[in-house]
Amino acid sequence: MSEKVAVVTGANKGLGFSVVKLLCQRFNGIVYLTCRSEKKGIEAVKKLNSLGLNPLFHLLDITDKTSIKKFADHIQTKHGYLDVLVNNAGIFEWEQVYPTYEAAKRNIDVNYRSLLNIEEYLYPLLRDGARVVNVSSACGHLSNLKNKKWLSILTKEDLKIEDINNFVDSYLESVKNGTFKKEDFADDGKHAEHRVSKIALTALTMVQQRKYNNRNISINAVHPGYVNTEMAQGKGKVDPDEAAELILYLILEASPNLRGVFLWHNKKLVDWYDVEGDYYYKHED
């Protein structure tokens, strides 16, 4: 059988770097470390080389459609397929608890909308039996949302990408025109932009799984815990290597029948539709 190929986005540091490291140690195949900075990507690869590990580097800016297409063309030409895709790249700007429209849009463009382009260009390369892991967070659970109209839409069995886009656009419009309501979200609506982007990402996971189900592809979302990375600004409690173990579990060990699920950091399968559950993100000042 031809050699397997794995790709991790946003992998020059933090959780993505740890996932690449563990894949290089345990995955029987080629591992791509991707990120948007060539300099940082090459430095990360050198760091792994010093540990005796040999990932390949490729430039990938997930916010740039052209960059995604270039990377997809490279994979298509060099390998022709993908077996593992970890959508890890993301942002969380702590400074503005109630962000400006520009900051909210930036968060959603990176954390959610980029995945629509990744699906367009990279998903056609997924082989039967491939595994996709979308890195979500506690912000991605539906209990973060209190608006009944949107809850009724997002919990539909036939949820479509247009529904998710409408949800995201509705939030952004409310920030833009000053009609944003804190009570539409848990925790007084703090960092609603991140809650929206991660809820959208998790919802997209469910939609994608239905779409690719007949190809024996597993697409799951995961909350890796509050990982101690630069993005967490020292507030994270979980070591990136420890959090990466959860993602490796979904890639290498979990049953192929585990599909379209939301896996919590303790390997517990959480009901994403439990809107009254105590899973929502609690902001700490």
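Run down A200, A244 and say which single residue is surrounded by 15 or more Cβ atoms within 10 Å (Cβ to Cβ), touching a Leu at 6+ places or on another chain (Cβ under 7 Å) and at pLDDT 95 or above.
Result: A244 is the single residue among A200, A244 that is surrounded by 15 or more Cβ atoms within 10 Å (Cβ to Cβ), touching a Leu at 6+ places or on another chain (Cβ under 7 Å) and at pLDDT 95 or above.
For the stretch 255-262, the count of residues that are crowded, with 19+ Cβ neighbours inside 10 Å and touching a Lys or Arg at 6+ places or on another chain (Cβ under 9 Å) is zero. Do you know which residues across the stretch 61-79 are of a type in the set (G, A, S) and touching a residue at least 60 places away in the same chain (Cβ under 8 Å)? Those that are of a type in the set (G, A, S) and touching a residue at least 60 places away in the same chain (Cβ under 8 Å): none in the stretch 61-79.
Applying the criterion of being of a type in the set (S, T, Y) and either touching a Cys at 6+ places or on another chain (Cβ under 8 Å) or under 27 Å from N117 (Cα atoms) (or both) to the residues of the stretch 20-66, the residue that is surrounded by the most Cβ atoms within 10 Å (Cβ to Cβ) is T34. Listed by position, the helices (runs of 4 or more DSSP H) contained in the stretch 1-90 that have at least 3 residues being farther than 28 Å from S137 by Cβ, touching a Pro at 6+ places or on another chain (Cβ under 8 Å) and charged (D, E, K, R) form an empty set. With respect to (1) loosely packed, with under 15 Cβ neighbours inside 10 Å; (2) touching a Cys at 6+ places or on another chain (Cβ under 9 Å); (3) touching a residue at least 40 places away in the same chain (Cβ under 8 Å), the lone exception for W94 is condition (2).
The values are calculated or read from the model by the stated rules, or taken from the named source; none is laboratory data. Computed from a predicted model, the values in this text were never measured in an experiment. Cβ coordinates were reconstructed from backbone atoms using ideal geometry, including for glycine residues, and neighbour counts include every protein chain displayed.
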